[in-house]
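The values are calculated or read from the model by the stated rules, or taken from the named source; none is laboratory data. Predicted, not measured: the structure shown is a model, and the values here were computed from it. Using ideal geometry, Cβ is built from the backbone for each residue, glycine included, and neighbour counts are taken over all protein chains shown. With ligands, DNA and RNA removed, areas are computed over all heavy atoms of the protein, side chains included. Shrake-Rupley method; radii C 1.70, N 1.55, O 1.52, S 1.80 Å.
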Amino acid sequence: CPSLKLREVASMYFTAVAAFLVILVVALQGSAPRESYFPYKVPLDPQGLLELSWNVSYPEQAVYFQLLVRELRFGLLFGMSDRGEFENADLAVLWSDGHSSYFGDAWSDAKGQLHMDSQQDYQLLGARRAPEGLYLLFRRAFSTCDPKDYLIEDGTVHLIYGVLEEPVHSLQAINVSALHGGLQRVQLLKPNISVPELPSDVQSMEITAPDVVIPSQETTYWCYMAELPEGFPKHHIVMYEPVVTAGNEALVHHMEVFQCTARFDSFPLYSGPCDSKMKPDRLNYCRHVLAAWAMGAQAFYYPEEAGLAFGGPGSSRYLRLEIHYHNPLVFKGRRDSSGIRLYYTATLRPYDAGIMELGLVYTPVMAIPPGEDSFTLTGYCTDKCTQLALPAAGIRIFASQLHTHLAGRQVVTVLSRDGRERQVVNADRHYSPHFQEIRMLKEEVAVFPGDELITTCTYNTEDRSRATVGGFGILEEMCVNYVHYYPQTQLELCKSAVDPGFLHRYFSLVNRFNDEEVCMCPQVSVPQQFYSIPWNTFNREVLKSLYGFAPISVHCNKSSAVRFPGEWEKQPLPSVTERLREPVPRCPPAPEPHPAAPVPLSLGQLRR
């Protein structure tokens with residue numbers, strides 16, 4: 001064990017680091033954080049025994065982590081991987097043989113075997129015990145240029161954790177497959193934007209579930225109907241935040257508030273599972289998103305110039321709250337009254353905010369063959385549509401929510417002007433359909449008449465035996481970017497799909513060059529035709545080629561679901577002659593060569 005003098009030095013070091021972080025945060029953000037040096041927080045495990053907090057330094061291009069371990073056994077693993085696997089993972093490891101403890105940067109190979117990293121990029125800044133548990137403080141650069149390290153970038157990050165229940169004598173002795181562990185998805189790189197000041201007349205309203213008994217099953221979607229007061233006038237929502245019942249922070253996965261359509265005068269009140277046969281069908285007409293929150297997200301603020309309108313003439317009084325409970329340990333009898341708190345003002349801001357759908361139309365003509373590890377589909381908001389529907393001064397996109405179903409792996413929307421890609425609107429290269437939230441952009445994106453918005457989704461169907469077609473079903477697919485913008489226009493949907501006539505030619509070609517016949521009888525649906533295709537290399541490549549050159553059907557729709565006047569069928573694919581360059585990771589200065597070694601820690605003797 002270290003001597004008393006060494007312990008004192010370590011204590012002074014940790015104090016200095018903590019003071020440095022205070023200075024750092026104040027310098028970077030302009031004012032002291034309201035809650036702590038680590039404003040972002042998420043429970044890693046369902047029991048809340050591991051709690052991660054973090055802060056982001058864009059000048060340093062680094063993330064500062066604080067990990068609270070409430071019940072320390074013989075160590076833990078924390079890290080990142082492509083989809084949340086323990087294989088090919090980038091890890092920070094704390095382990096103990098029962099007497100001595102160590103911290104080190106490690107990686108796992110394709111078989112899950114751990115190796116000490118030759119480049120120690122998880123930099124331990126301190127460790128201290130407190131009444132609530134052990135705090136580990138460490139730092140990690142976004143990019144390390146170490147091929148064994150994970151590149152931290154915008155979008156979803158799959159965090160993984162594992163608890164060591166028994167002492168181990170070396171890093172290599174850790175058996176990853178025997179760990180009690182799991183994954184948590186977060187957006188690590190939160191945008192560093194200033195928070196607008198709320199108006200003096202701001203009011204709040206809580207849309208919360210009424211004392212729900214969380215079902216004792218892993219996944220539940222709970223629906224609850226709420227009603228605005230009679231005669232509720234038009235207001236602007238300027239902010240919203242989560243309301244999570246204390247003790248349920250690890251169970252409430254994400255929540256959304258939808259406004260119902262104004263075409264019905266009333267909606268039945270309901271509180272129950274969203275997939276229940278008892279749920280009234282009319283609730284399916286409550287789809288206009290007012291607020292969306294996912295675990296790890298903070299409050300959502302609208303820009304000072306705009307607010308989201310609700311209430312008043314032509315606006316439904318009925319709202320639907322949807323809560324996703326994630327209960328992998330199948331707790332019984334846990335009660336919950338979580339929801340979302342809306343902040344709104346009667347003093348209307350200069351602009352109404354709007355929500356526009358980009359991407360692909362919900363249609364089976366867009367399909368993914370089975371057994372694909374990476375198949376892309378692209379939807380277009382064309383220059384013809386924006387030229388007709390957007391004001392001369394353009395619009396400003398300030399937030400975005402990406403959406404696919406279960407096969408989605410990446411989603412990217414790019415702004416193109418005059419045939420040149422100009423700017424990424426939103427990109428998530430580690431997208432998960434299980435983690436969807438409205439994300440504020442780091443900077444507003446200006447879109448002008450004649451611009452194109454191109455949304456590309458990447459899918460994985462390796463676990464499927466037949467084609468996956470576009471549609472509303474959970475085993476069908478979508479490719480959508482809901483962009484939040486101002487000022488609101490009549491354009492609510494700007495999407496595309498391949499021309500059906502060209503798809504019919506594809507089915508004819510498949511018939512001509514394959515022994516197995518694809519039935520093209522009038523009574524056979526497009527999905528059935530896709531399901532009957534023998535998916536050899538030829539049929540896959542021709543379909544991929546078809547989607548890359550065939551003309552498209554453009555949906556340039558008003559909020560009434562009616563297209564703007566014009567010719568929208570058999571439109572040519574937008575031509576992109578110049579693409580954005582892939583960003584080159586910025587490497588930190590190379591450290592002086594030295595043998596990779598873990599950092600010894602004085603945590604005392606650990607027990608079971």
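What residues qualify as long-range amide H neighbours of Leu125, i.e. H under 5 Å apart, gap of 5 or more or another chain, H built at 1.01 Å from N?
Answer set, sorted by chain and number: Leu137, Phe138, Arg139.
Keeping every protein chain in place, order Lys384, Lys495 by accessible area at 1.4 Å, biggest value first, i.e. largest first.
Result, largest first: Lys384, Lys495.
Kindly give Rg over Rh for segment 284-395, based on alpha-carbon atoms, with the Kirkwood expression for the hydrodynamic radius.
Computed over Cα atoms, the ratio is 1.03.
Placing +1 on the Cβ of each Lys and Arg and -1 on the Cβ of each Asp and Glu in segment 288-403, which of Leu377, Tyr301, Pro313 has its Cα farthest towards the positive end of the resulting dipole?
My answer, from the dipole projection, is Pro313.
Arg586 to Val202: FRET efficiency via 1/(1 + (r/R0)^6), r the Cβ-Cβ distance, R0 35 Å, to the nearest 0.05?
E between Arg586 and Val202, to the nearest 0.05, is 0.30.
If each residue of separation counts as 0.36 nm, what is the full-extension length gain between Val542 and Arg263 once their alpha-carbon separation is subtracted?
96.1 nm
Suppose every Lys and Arg Cβ carries +1 and every Asp and Glu Cβ carries -1, with no other charges. What dipole size does the chain come out with about its Cα centre, to the nearest 20 debye?
Roughly 520 debye for the chain.
PRE reach from His434 (point 7 Å along Cα→Cβ): which of segment 151-189 fall under 11 Å by backbone N?
Under 11 Å, as judged by backbone N against the label point of His434, lie 159, 182-185 of segment 151-189.
Modelled label-to-label distance, Ser525 and Asp463, 7 Å Cα→beta-carbon offset: nm?
Label-label distance for Ser525 and Asp463, simple model: 2.4 nm.
Once both labels are modelled 7 Å past Cα along the beta-carbon direction, what's the Thr577-Ala346 spacing in nm?
Here the answer is 5.7 nm between the modelled labels.
Set the Förster radius R0 to 25 Å, insert the Cβ-Cβ distance between Asn511 and Phe549 as r into 1/(1 + (r/R0)^6), and round the FRET efficiency to 0.05.
That gives a FRET efficiency of 0.75.
Restricted to Cα positions, what overall size does segment 547-591 have along the principal axes? Three whole-Å values, descending.
That gives 62, 28, 16 Å along the principal axes, largest extent first.
For segment 114-130, just list the computed ³J(HN,Hα) in residue order, Karplus coefficients 6.51, -1.76 and 1.60, θ = phi - 60°, integers in Hz, with x standing in for Gly and Pro.
8, 9, 5, 6, 5, 10, 7, 9, 7, 9, 6, 9, x, 8, 8, 9, 9
Divide by every residue of the chain the summed helix terms, -39500 (n - 2.57) for each DSSP H run of at least 4, and state the resulting mean residue ellipticity at 222 nm, rounded to the nearest 500 deg cm²/dmol.
Result for the chain, helices only: -3500 deg cm²/dmol.
Roughly speaking, what is the centre-to-centre gap between segment 332-384 and segment 210-236 when only Cα atoms are used, to the nearest Å?
19
About its Cα centre, how strong a charge dipole does segment 336-417 have in debye, to the nearest 20, once Lys and Arg get +1 and Asp and Glu get -1 at the Cβ?
I would put it at about 340 debye.
Dipole of segment 40-190 (Lys/Arg Cβ +1, Asp/Glu Cβ -1, origin at the Cα centre): which of Gln123, Ile174, Ala89 lies farthest to the positive side?
Farthest towards the positive pole: Gln123.
Using packing as a proxy for protection, rank 431-437, 283-289, 398-404 so that the peptide with the highest average count of other Cβ atoms within 10 Å comes first.
Packing proxy ranking, top to bottom: 398-404, 431-437, 283-289.
Once amide H atoms are placed 1.01 Å from N in the peptide plane, what residues at a sequence separation of 5 or more from Val425, or on another chain, have their amide H within under 5 Å of its amide H?
Thr413, Val414, Leu415
Starting from the 7 Å offset along Cα-to-Cβ, what nm value, one decimal, do you get for the label separation of Glu567 and Ala392?
Result for the modelled spin labels: 2.7 nm.
Residue by residue, what Karplus-based ³J(HN,Hα) values in Hz, rounded to whole numbers, does segment 404-421 have, using 6.51, -1.76 and 1.60 with θ = phi - 60° and x for Gly and Pro?
9, 9, 5, 8, x, 10, 9, 9, 9, 10, 10, 8, 10, 9, 6, x, 10, 5
Per residue, what volume in Å³ does the convex hull of the Cα atoms of segment 356-582 enclose?
130
At R0 = 35 Å, how high is the FRET efficiency between Ala597 and Leu329 if r is their beta carbon distance? Nearest 0.05 is fine.
My answer for the efficiency is 0.40.
Where a ≥ b ≥ c are the square roots of the eigenvalues of the C-alpha gyration tensor, would you call segment 195-349 rounded, which needs a/c under 1.5, or, failing that, prolate if a/b is larger than b/c, or oblate?
oblate
For segment 356-582, give the magnitude of the charge dipole about the Cα centre (Cβ charges: +1 Lys/Arg, -1 Asp/Glu; no others), in debye to the nearest 20.
320
What's the carbon and sulfur percent of segment 204-258's accessible surface, probe 1.4 angstrom, rounded to a whole number?
The C+S portion of the solvent-accessible surface of segment 204-258 is 48 percent.
Could you work out how much longer the chain between Cys145 and Glu304 gets when fully extended? Use 0.36 nm per residue separation minus the Cα distance between them, nm to one decimal.
Between Cys145 and Glu304, full extension yields 53.3 nm more.
Assuming a ≥ b ≥ c are the square roots of the Cα gyration tensor eigenvalues, decide whether segment 40-190 counts as rounded (a/c under 1.5), prolate (otherwise, with a/b larger than b/c) or oblate.
It comes out rounded by the Cα gyration axes.
Within the accessible area of segment 352-451, what % is carbon and sulfur when the probe is 1.4 Å and the other protein chains stay in place?
Ligands and nucleic acids excluded, carbon and sulfur give 45 percent.
How large is the accessible surface per residue of the chain, computed with a 1.4 Å probe and reported in Å² as a whole number?
Each residue of the chain exposes 46 Å² on average to a 1.4 Å probe.
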